[in-house]
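All remarks here apply to the structure that follows.
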Amino acid sequence: MHPNPINQIKGFIFDLDGTLVTSKLDFIYLREQVGCPPKQDILRFIGGLDETQQIVANRIVADYELQDAQDALWIDGALPLIQYLASSQQPIAIVTRNSQPATQHKLKHHHRLFDPIVTREDAAPKPDPAALLHIAELWQLPVRQLAYVGDYLYDIQAAKNAGMLACLFAPDELPEYADQADWVFNHFSAFLAALETSEVQR
């Protein structure tokens, strides 16, 4: 029986929307609102607009994200996992493509569990690995001892680009890109169980 790769990890970085907290963002609708072609990365599209158009598009996106943040809830099992990591004094961070105001609202009273919290205002958005590499340097840990946990292809790509363990949260059907992840789990209880098993074996 092969050991779970998560057992070798010394620090954990998480995506936010769809990973730790719920999100009802409709990206088809959002693309229509800013004039972004289907399947194109919205943030990259906005970055290619002229300055005036960027201001308008960014405001549309930010307002929509804040509206979504009003109803966000912790995904089942996510908060107990984060609290376990915090109590074990393991470093925990967030890297999200969301805005800083929406991120702070979604985390509410729990933002102090994470250090740092990196939003799209702070670093190039995923799959660019810059934010993940910055955290590795901040924590003074080698990238091979860090994991990035998310629910989408960009999360896997960012982790791979940074040389970190790529963990995919897939609560429903496995997406077509699941085989690109190093570890796939469907509930945070499985994540917590793997960590607790690792602790017993040490």
Any idea which residue in the range 8-28 is farthest from Ile92 (Cα to Cα), counting only those that are modelled with pLDDT under 85 and not in a loop (DSSP other than H, G, I, E, B)? Ile28
Of the residues in the range 100-118 that are surrounded by 20 or more Cβ atoms within 10 Å (Cβ to Cβ) and farther than 20 Å from Gly11 by Cα, the one that is modelled with the highest pLDDT is Thr103
Let me spell it out: the conditions are (1) touching a helix residue (DSSP H, G or I) at 6+ places or on another chain (Cβ under 6 Å); (2) open to solvent by 40 Å² or more (accessible area, probe 1.4 Å); (3) of a type in the set (Lys, Arg), and Arg97 meets all of them except one. Which number is the exception? (1)
Taking the range 10-35 and keeping residues open to solvent by less than 10 Å² (accessible area, probe 1.4 Å) and of a type in the set (A, V, I, L, M, F, W, C) leaves Phe12, Ile13, Phe14, Leu16, Leu20, Val21, Leu30
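Condition (residue is open to solvent by 60 Å² or more (accessible area, probe 1.4 Å) and either without any contact (Cβ under 8 Å) to a residue 60 or more places away in the chain or charged (D, E, K, R) (or both)) applied to the range 119-126: is it met by at least one residue? Please lay out each step first, then the result.
First, pick out the residues of the range 119-126 that are open to solvent by 60 Å² or more (accessible area, probe 1.4 Å): 121-122.
Filter once more, keeping what is either without any contact (Cβ under 8 Å) to a residue 60 or more places away in the chain or charged (D, E, K, R) (or both): 121-122.
Taking every residue of the range 119-126 in turn, at least one turns out to be open to solvent by 60 Å² or more (accessible area, probe 1.4 Å) and either without any contact (Cβ under 8 Å) to a residue 60 or more places away in the chain or charged (D, E, K, R) (or both).
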Exactly one of these conditions fails for Ile75: (1) closer than 25 Å to Ala193 by Cβ; (2) open to solvent by 60 Å² or more (accessible area, probe 1.4 Å). Give me its number. (2)
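The values are calculated or read from the model by the stated rules, or taken from the named source; none is laboratory data. None of these values were measured; they are calculated from a predicted model. Cβ atoms come from the backbone with ideal geometry, glycine included; neighbour counts cover every protein chain shown. Quick note on the areas: whole protein, heavy atoms, side chains included, nothing else; ligands and nucleic acids left out. Shrake-Rupley method; radii C 1.70, N 1.55, O 1.52, S 1.80 Å.
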